[in-house]
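What follows is calculated from the coordinates using simple rules that are stated; it is not laboratory data. Just so it is clear, the structure is predicted and the values come from calculations on it, not from any experiment. Every residue, glycine among them, receives a Cβ derived from its backbone with ideal geometry; neighbour counts consider all protein chains shown.
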Amino acid sequence: KPRLYSGMQPSAESLQIGNYIGALLNWKSLQETHDAFFSIVDLHAITVAQDPAKLRENTRRTAAQYIASGIDPDASTLYVQSHVAAHAQLAWVLNTITGFGEASRMTQFKDKSAKQGSDGTTVGLFAYPILMAADILLYDTVVVPVGEDQRQHVELTRDIAARFNTRFGDTFVVPEASIQKETAKIYDLQNPLSKMSKSAESHAGVIWVLDEPSVTAKKIMRAVTDADGGVVFDRENKPGVANLLTIYSTMAGRTVQSLEDEYAGRGYGDLKKGLAEVVTGTFGPIRARVIELLDDPAELDRLLAVNAARAASVADATLARAYDRVGLLPPR
Ligand code: TYM
């Protein structure tokens, strides 16, 4: 089976619906046909300030949400990034072959550093995409399923891998991003021109996987639409409605066309009511399962340890290969 790698930051108590649709839903089906590795990237999360106790808690919560959403920890390797030391180790080596200018061109770095100010912007935030390259390259990854916002980072990973191979001899598999066109970007319900994000300033337009169903329903009912009134998919002129239709169609497993037909001649209120039912109907059981899993943290930690050991056995071999190619003297 082809090797697949993806990950998510444990940077909030709950994932948001963009993570669920853009990542988890795809992961769930891809794990059947791929040898899949899914990490909870805590080392990435600390590139912006995190409360230590909350980070630990959110790491477990993120793991629970992966499992509750259908990632099978027996079939796939689901682990915490910092449990496998090779990630930080390979990242260092890759830092040394990445151009400063090249890293400076990452748009996500530019956005995030603009928000943090120059003193809040750490070297870690700058090196973030290079750590991501290490994640991917350690597993001889062929496919990297991500949302649109990660495309540039996967491109950088490809460049770094190819450069290393040219300079030191064939070492890394050059991976490819897999981006689902329709669901690559889910937008904020209050601001349908900007990406939904865990770190959004206002949470009024963010749907959390673990929110109370009544809160989720309210947020959907208040979603920004337009004055036109027709339930028609038109990304350019009706971004709010297009976003609701995208969410509805992926969560319900239905085509946009069938939704347009069903809601033709009816108001946005009906569309929102239908969508709220589908979303709370999906997230309700996930939420219940997460609560169950978090009730037994020892079992969750045991699962993560078993999976980390499996990941380390692959990663350590790749790291040794890379160290050797670069000319680092092996210890005896
Ligand atoms: P993160 O934690 O920001 O997001 C996790 C995944 O969710 C996708 N995503 C979205 N998709 C559609 N619409 C949205 N509004 C939306 N918001 C987030 C992201 O594209 C991503 O696929 N750097 C990565 C984590 C990472 C990683 C890796 C990914 C670290 N190492 C190696 C793949 C391979 C990140 O910050 O994701």
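Working from Cα pairs under 8 Å separated by at least six residues, relative contact order for segment 20-104 is 41 percent. Taking each DSSP H run with n ≥ 4 as -39500 (n - 2.57) and averaging over every residue of the chain yields -17500 deg cm²/dmol at 222 nm.
Counting only Cβ charges, +1 for Lys and Arg and -1 for Asp and Glu, the dipole size of segment 1-97 around its Cα centre is about 80 debye. Across the chain, Cα pairs under 8 Å and at least six residues apart give a relative contact order of 22 percent.
Checked against a 22 Å cut-off, the cross-linked pairs LYS28/LYS185; LYS115/LYS219; LYS238/LYS272; LYS110/LYS218; LYS54/LYS110; LYS28/LYS272 give Cα-Cα distances beyond that limit for LYS115/LYS219; LYS110/LYS218; LYS54/LYS110; LYS28/LYS272. When GLU277, GLU236, GLU32 are sorted by how many other C-beta atoms sit within 10 angstrom of their C-beta, beginning with the fewest, the order is GLU236, GLU32, GLU277.
Taken over segment 160-210, the convex hull of the Cα atoms encloses 150 Å³ per residue. Taking the alpha carbon gyration tensor of the chain, multiplying each eigenvalue by 5 and rooting it gives semi-axes of 36, 22, 19 Å, largest first. With respect to the chain, whose longest principal axis is taken over its alpha-carbon atoms, helix 297-326 is tilted by about 50°.
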